[in-house]
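All remarks here apply to the structure that follows.
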Amino acid sequence: MNNWEKFKYGLDTLAVVGTWGAIVVALHLSRAATKKAAREAEARAGLVAARHLAHLQSLYSGMKTLGTATRTFREGMSTSPELPIPLSKSWLENTRSIDLDVLSQLLPLPNYCASRIGKAMGDLIAIVEEMKGQQEVWRGMNAPMRAAWLDKWSARADTTAVTLQIAIEECAKAAKTHAPDFTATELGLA
């Protein structure tokens, strides 16, 4: 091997080492950027959770009210010709403050918090819509059938309240641990 071939071999070796070095540096930078983005997403989720915690607790109390009212007043409701819905219209309108945008911002929270909240809201809306749908046939039902519907709604509301309580605890934890690290302005939420 002459000097030119040795020199060329050395240059090729340096090019390979340089390429591998660039790959290692790029991977390291990418990993650092990914960690930073994940940390910022968790912080954003914490801020969103803190901002909507009162709405979530209101949703939880409404779910508990629905379960308790249909169970407590079961006897009177099953013999009544009208089916009262134990939640006010204004309360139902208030639940719209938690929309898909809010749920998508809560996705970085652990334990499927966002999907639990979405499911709970869907269940609540389904129960209320079923109750509204039963208004017209309620008069034609006998008392045991009405009682069975009330039991079904009460059980679903209670189950959904438990699911929602787990999500609220996770949101409160996220608000406490992640939100103080960043300000809303830094994350573009102000």
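Taken together, the values in this text are just the output of simple stated rules run on the coordinates, not laboratory data. Just so it is clear, the structure is predicted and the values come from calculations on it, not from any experiment. Cβ sites come from the backbone with ideal geometry, for glycine too, and all protein chains shown count toward neighbours.
The table below lists the values:
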{"read-out": "Extension gain from L100 to V25, taking 0.36 nm per residue of separation minus the Cα-Cα distance", "value": "23.2 nm"}
{"read-out": "Alpha-carbon centroids, the stretch 84-111 and the stretch 112-163: separation in whole Å", "value": "16"}
{"read-out": "Relative contact order computed over the chain (Cα-Cα under 8 Å; 6+ residues apart), in percent", "value": "39"}
{"read-out": "The stretch 11-123 - percent relative contact order, Cα under 8 Å, separation 6 or more", "value": "32"}
{"read-out": "Efficiency of FRET from Cβ geometry, K36 and L92, R₀ 35 Å, rounded to 0.05", "value": "0.30"}
{"read-out": "Helix-only CD estimate at 222 nm, as mean residue ellipticity for the chain, using -39500 (n - 2.57) per DSSP H run (n ≥ 4)", "value": "-28000 deg cm²/dmol"}
{"read-out": "Radius of gyration and maximum dimension Dmax of the stretch 44-181, Cα, Å", "value": "16.7, 59"}
{"read-out": "Highest to lowest packing among 135-143, 166-174, scored as the average C-beta count within 10 Å", "value": "166-174, 135-143"}
{"read-out": "Entries in K64/K89; K35/K119; K119/K176 that, when Cα-Cα distance is taken, lie over 27 Å", "value": "K35/K119"}
